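Report on one structure; see the data block that follows.
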Amino acid sequence: HGAHDLCCGKYGYAYYKKLHHAAKDKENVRVWMVSHIGGHRFAPTLISMPRGDYHGHLTEEDIPQLLNAGLTHTALAKKYRGCSLYSTVQQVAEGFGWEHHPDATHVMVDDIGSDDANVTVRVQLPDVSTKVYRLHITQSNTPHMLLGSCGAEEVTARYGWDVGVVNNQ
């Protein structure tokens, strides 16, 4: 799929073939190739269903973990890009939970305020206790300069997010 982006064409199809071959004897696992899901600079990328978790910068070494029916966040934490079920603000909140508790077993985001900037994050820890954060999230005024794609020489400004902890329990 190099017509839309070089990264997708360079990494995507080759990774699809390897993953498809590795999954051929796995029960209840289907591997589909899609033309484009965004995030070129993270290629090769993958969406795991049914939850819609995005992963990027995948390698051949990641395939056994991807095909494990009991996939946990910690298995591919550094490759995790977010959940498609969440809005951008919710994804930022989820990222806050994983960043502050990398050993967590689950991070759930709920209770979006009417202004879409106030979010509650529940982090389940290995000892089964739960940490709850009330966050206020706003778009940053400070740009981060990023390469647009693999092999790209142009740099583009992307604006991140500021996260303030309003309350935690």
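Taken together, the values in this text are just the output of simple stated rules run on the coordinates, not laboratory data. Just so you know, these numbers come straight off a predicted model, no measurement behind them. Here the Cβ is made from the backbone with ideal geometry for all residues, glycine too, and neighbour counts use every protein chain on show.
Key figures for this structure:
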item	result
Spatially proximal lysines relative to residue 18 (Cα-Cα < 29 Å; intrachain offsets below 8 disregarded)	10, 26, 78, 79
Ranked list, fewest to most other Cβ atoms within 10 Å of each Cβ, for 55, 101, 144	144, 101, 55
Exposure proxy ranking, count of Cβ atoms within 10 Å, fewest first, for 131, 24	24, 131
